[in-house]
Amino acid sequence: MLGKRKRETQVVTKRKQEIGEQESNATPARDSSDIFRRHFEASFAPLPAQMVSDGVDDSEEDVESSEQESEVSEWSGLSESDTDLPVVEVVDHAIGESGIDDELHRARQKTFMSSRPPREVDLSNRSTETKPPDEDDATEKLNLKHDLDLQRLLKESHLLEKSKASRNASRERQMALEMRLQAVGAKTSVLTQENMPRSHRIGITKKAESKEARRRREAKENGVILEKASSKASKNVRRQRGVDVPGVGKYSGGTLKLSRRDVASIQGPPAGASRKGKRR
Amino acid sequence: MAITQPPVKFTTHRSLSSRLVLATLRGRPIHISGIRSKNPANPGLAPHEISLLRLLESLTNGSHIEISYTGTTLLYKPGLITGSVPGRGADASGVLRHEVDGRVGRGVSYLVLAVCLLAPFSKGKVNVLFTGPGVITSAVEKWGDISIDTVRTAVLPIYTQFGIERDLEIRVHKRSNPSNAVRGRSGAGEVQVVFGHQVRLPKTVHMLKTGRVKRIRGVAYATGVSGGNNARMIEAARGVLNQLAPDIYIFSDMGSSQLVNYEKAGATEKKKVGLGFGLSLVAESSGPGVFYSSDAASGAEGGETPEDVGRRAAFMLLESVERGGTVSAEAANTVLTLMSMGSEDVGRIQLGKDVLANENVVQLARDLSSFGAAGWGIRDAATVDEKNEGQFTVSVVGSGIGNVGRKIG
């Protein structure tokens, strides 16, 4: 019984199937699936290419008739590729976008599938000359190494001189490293102490100030001319005022106060100003 | 006391979001009456319109909204657009959470497009997180809403033409198709819009060169359904488009659907919400800032094969390309509004006949003139160049209002 619910079954005869044939006899059917199949075939035409022949019902009568035949089997084995085996059509939806190299896919994904609106991605913009022409890679590497060593020697030579005078080698190594980092492009130094107790910092700055003052005083007394004194405060002069504040005047308590000069800068020079000015 | 202009009067619910956005940008109060007054079943404001009003209230400072008892009359006095300011609506990290009500059946692009129009003219950065039981990230064909991918790939790049390009992001945290599985819940997505570039005045654009379509990109998304749907949609779309464009690439985004709690006979059960799939296609043209897009998604009840959805999206894209112009129908509202908010200079774009004759665009022109903006100049582009058959050059003069919060005295 197909399905869980009892259904009204029609008693139909077993015959060779043709399209549109009506069931009229009252002989019981072999299978309920047969009924459904016949009902289906009554409504729908069969597919044009019937690859797999359904010989279940066709041979119904044949089976009955063959039982009466002789018991000797006439089976002689399978014939070689006699019948056309049904060609199995493989539909594979799992195949993704193949044939595109990883780099291009990653570049596209980066521009298009990130959360930003996509920009122009153009492979032609990227540098095509990525690798130099094929030279001896070994000599190239050796040359680079020599260059680097020479540059380092030239830069750190004054440090090496100091180290000869038996100072701690670790200090010179630190300074050399610090120089290299600055050359590569570090913004801040590794050696500066960022956090220290307030009393320490005050003491250090005071000592530095007193040393500088002493140097200047001694130089003045001895008649040595030094560079002009510059204070750090003069460097950080400009301060941010804010984007939406008015460009002229002072704003306080809901009022914008414009001085005489502000008004003049807004109004511009008076109408008859140019007569008295420089004329050539 | 400040002298206020009398409110501009409108009727019916048509172009309601466009009118509210224009009012906020120009700082003029509006009065809309007769909103679905003849509709016996659902009179008054619809849930998506109420959600938009809430969003405007949280994005602005000092706005005043009055809705009549029946909901058919609305008075909106806009305030200044402040964006997501920590402490005023936004939380400490500067993210403004907007809970979309579950009865909103429209795509979240309806709200996102409004936010993207207001954000360049805000005082501070805009960072809005759309969450809640009504966020639908896919296209909603019933309402004609585009998917959030189309907003990101076809509408936002046009902002670059106006000089707004930095810090724009639309992050899709969770995807969702429209769903009617759980009562009171139409979607389960989550979208974050980050708009960090505010300008004083958008640049004047002259987008007259349509060019030719040079590549087609797209996103096939599947939420809670098998990823094979994506491949099938892509294959169907490619079947149509491969012979027409050389460079086609469609990305596949697969995700799981969200499980939501719902009450069933007293007990709390979990149900998957927002299942579905869809395809968003964008055709980029060689003219700068010219994008044609199309969207197709499976229905909430299902029953449509991915091949059908893919083919439909491809044909809709071809229709959009056929309509032509430098601005497609999806972006026309955005572009024309931005142009009208620009400096007092003439900007020109080219619109196809069917895009210009669309009722939304015509209504936008009428609304702008109600607000006091100058009229548009419309000229047949075929007089300039024979190739532009069926195109119209629209000249828009900006009003010079721009960003009020960025004015420097």
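The values are calculated or read from the model by the stated rules, or taken from the named source; none is laboratory data. Keep in mind the model is a prediction, meaning the values are calculated, not measured. Methodologically, a virtual Cβ is constructed for each residue, glycine included, from the backbone with ideal geometry; neighbour enumeration extends over all protein chains shown. Each accessible area value is taken on the protein alone, full model and side chains, heavy atoms only, with ligands, DNA and RNA left out. Shrake-Rupley method; radii C 1.70, N 1.55, O 1.52, S 1.80 Å.
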Over all Cα pairs of the range B:48-106, the Kirkwood radius sets Rh, and Rg/Rh then becomes 1.01
Straight-line reach check, B:K9, cutoff 21 Å on alpha carbons, 8 or more apart in-chain or any other chain, hits among lysines -> B:K38, B:K77
Using alpha-carbon coordinates alone, the radius of gyration and Dmax of the range B:101-234 in Å work out to 16.4, 49
Cα-based Rg and Dmax for the range B:128-174, in Å, come out at 12.3, 35
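Write out the GluC sites (Glu not before Pro) in the range B:323-409 meeting two conditions: DSSP loop, and at most 10 other Cβ atoms within 10 Å of their Cβ.
Details: sites: B:E330, B:E344, B:E359, B:E386, B:E389; in loops: B:E344, B:E386, B:E389.
Answer in residue order: B:E386.
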Candidate cut points under trypsin sites (Lys or Arg not before Pro) in the range B:350-394, DSSP loop plus at most 12 other Cβ atoms within 10 Å of their own Cβ, are B:K387
Amide H proximity to B:V8 below 5 Å, modelled H, separation 5+ or other chain, gives B:I30, B:H31
What the 20 Å binned alpha carbon P(r) of chain B shows, as percent of pairs per bin from 0, is 27, 59, 15, 0
Connecting every pair of Cα atoms under 10 Å apart in chain B and solving the GNM, the largest mean-square fluctuation among B:S226, B:S252, B:S58 falls on B:S226
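With +1 assigned to the C-beta of every Lys and Arg and -1 to the C-beta of every Asp and Glu, and no other charges, what is the dipole magnitude of the protein assembly as shown about the Cα centre in debye, to the nearest 20?
Values: 99 positive and 85 negative charges, 1960 e Å.
So the dipole magnitude of the protein assembly as shown works out to roughly 9420 debye.
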The range B:253-409: Kirkwood hydrodynamic radius (Cα pairs, Å) comes out at 18.9
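Just the Kirkwood number for the range B:218-261, please: inverse of mean 1/r across all distinct Cα pairs, in Å, one decimal. Mind showing how you got there, number by number?
Details: mean 1/r = 0.0871 Å⁻¹.
Hydrodynamic radius (Kirkwood, Cα only) of the range B:218-261 equals 11.5 Å.
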Along the range B:116-125, Karplus-curve 3J(HN,Hα) (6.51, -1.76, 1.60; θ = phi - 60°) to the nearest Hz, with x for Gly and Pro, reads 5, 6, 7, 4, x, 9, 9, 6, x, 5
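Please arrange A:K162, A:K141 by accessible surface area, largest first, computed with a 1.4 Å probe and ligands excluded.
Numbers: A:K162 105, A:K141 145 Å².
If we order A:K162, A:K141 from most to least accessible, we get A:K141, A:K162.
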Averaged over residues of A:105-117, the number of beta carbons from other chains lying within 10 Å of each residue's Cβ is 5
Note to self: C-alpha centroids of the range B:62-140 and the range B:164-239 sit apart, in Å, by 19
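With 23 Å as the limit, write out which pairs from A:K206/A:K232; A:K110/B:K125; A:K110/B:K214 have Cα-Cα distances beyond it, or answer none.
A:K110/B:K125
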Per the C-alpha gyration tensor (a ≥ b ≥ c, the square roots of its eigenvalues), the range B:19-153 is rounded if a/c is under 1.5, else prolate if a/b beats b/c, else oblate; here it's oblate
FRET efficiency for A:L177 and A:S230 from the Cβ-Cβ distance with R0 = 41 Å, rounded to 0.05, comes out at 0.90
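Would you mind getting the Kirkwood hydrodynamic radius of the protein assembly as shown from its Cα pairs, rounded to one decimal in Å? Walk me through the intermediate numbers first.
Values: mean 1/r = 0.0304 Å⁻¹.
After inverting the mean inverse Cα-Cα distance, the result is 32.8 Å.
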Of the residues B:S186, B:I50, A:S259, the Cα lying farthest along the dipole of the protein assembly as shown towards its positive end, which is defined by charges on the beta carbon of Lys, Arg, Asp and Glu, belongs to A:S259
With all protein chains in place and a 1.4 Å probe, B:D247 shows an accessible area in Å² (nearest 10) of 40
Whole-Å distance linking the alpha carbon centroid of the range B:351-373 with that of the range A:180-215 is 66
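Please give the FRET efficiency for B:R14 paired with A:I202, using the beta carbon to beta carbon distance and R0 = 60 Å, rounded to the nearest 0.05. Working shown, then result.
On the way: r = 72 Å, r/R0 = 1.20.
Calculated value: 0.25.
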Probe 1.4 Å, all chains present, heavy atoms only: A:L226 accessible area in Å², nearest 10, is 60
Ordering B:W143, A:W75 by the accessible surface of their heavy atoms, 1.4 Å probe, largest first, yields A:W75, B:W143
Sorted by accessible surface (1.4 Å probe, heavy atoms of the protein chains only), largest first, B:H31, B:H173 come out as B:H173, B:H31
Charge dipole of the protein assembly as shown built from unit charges on the beta carbon (Lys, Arg +1; Asp, Glu -1), centred at mean Cα; most positive-end Cα among B:S37, A:P269, B:V199 is A:P269
Taking only C-alpha positions in the range A:204-280, Rg and Dmax in angstrom work out to 24.2, 62
Whole-Hz Karplus couplings 3J(HN,Hα) for the range B:275-287, θ = phi - 60° and coefficients 6.51, -1.76, 1.60, Gly and Pro as x, run 6, x, 8, x, 9, 10, 10, 10, 9, 9, 9, 6, x
With no solvent term and unit scatterers on the alpha-carbon positions of the range B:339-400, Debye gives log₁₀ I(q)/I(0) at q = 0.19, 0.25 Å⁻¹ of -0.71, -1.05
Rounded to the nearest 5, the percent of antiparallel DSSP beta bridges in the protein assembly as shown equals 75
Per residue, the convex hull enclosing the alpha carbons of the range B:1-70 has a volume in Å³ of 98
